[in-house]
Amino acid sequence: MISGVHVMLNVDNPLRHEMVTTLISKAKSALASQGIYAERKLPATKDIIEKLIATCGDKLIDKRDKALLLVGFSSGGRRRSELSQMMIEDLTRVEEGYKIKLWKMKNDQKARGKEFPILGRAADALNDWLNASGITSGHLFCSISRGGNIHHPSLTGRAIYRIFKNRIKMAGLDEQLYSIHSIRSGFVTECGRQNLQILQIQSLTGHESHKMLSIYYRDGNILSSKAAKLM
């Protein structure tokens, strides 16, 4: 939460300072030595995303939520702060869908901007949402009133969290087992399942190092390892 606010304001993030990250790492190690580990939520892999979008019907809110989920997953496992800041003006048409440029990201403190693809089913769902909503400028994902009217201010990160949790419940899944970060970890885990190259994945997720990326990648890739089938 604190990191997200600093990114959105484009100011130096104190939580990224070497002294702070070292302290957090040592605290985690100390807890682990006592058998205490931070609870990791389940990844929302492709099969889970399929279940979530299956809850989406033909209403305007369903079209928005379907586009939100597919864009968030398919463009590299986007954070909710990144989904919240997406602008129509930063969309570029390409042969198979779109590219979108994000200007304020966790690992882009100077706000140079990075482009990410929105292709295939994600592009189709985005087209469906844009056509149905009639939005031609401003934030890509906006709020919708109970009466079905569009409110043009962007969805907040908190609103995106609630949308995800609501779709988890509608799909009959245990909401306690998933968090909004499950979209991001799910993308990497799914890539591991499909044996995609780690550098190719990193170019989409924007991870600075392989450390966290490798954890989720290994979770998806471990069962397909030839080393596990030596006997």
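Structure notes:
- In region 142-167, the residue that is farthest from ARG79 (Cα to Cα) out of those that are surrounded by fewer than 16 Cβ atoms within 10 Å (Cβ to Cβ), among the hydroxyl-bearing types (Ser, Thr, Tyr) and in contact (Cβ under 8 Å) with a residue 12 or more places away in the chain is THR156.
- Members of region 192-220 found to be touching a Phe, Trp or Tyr at 6+ places or on another chain (Cβ under 7 Å) and either part of a loop (DSSP other than H, G, I, E, B) or over 17 Å from LYS46 (Cβ atoms) (or both), listed by number: ILE198
- Boolean, ARG193 is over 16 Å from the mean Cα position of the chain (by Cα), among the basic types (Lys, Arg) and under 30 Å from ILE88 (Cβ atoms): no
- Elements of type strands (runs of 3 or more DSSP E) contained in region 62-141, each with 2 or more residues being touching a residue at least 40 places away in the same chain (Cβ under 8 Å) and at negative phi: 114-119
- Residue match in region 2-21 (condition: over 30 Å from ASN127 (Cβ atoms), at pLDDT below 90, of a type in the set (S, T, N, Q) and touching a His at 6+ places or on another chain (Cβ under 8 Å)): yes
The values are calculated or read from the model by the stated rules, or taken from the named source; none is laboratory data. Not measured: the values here are computed from a predicted model. For neighbour counting, all protein chains shown are included, and Cβ atoms are generated from backbone atoms with ideal geometry for every residue, glycine included.
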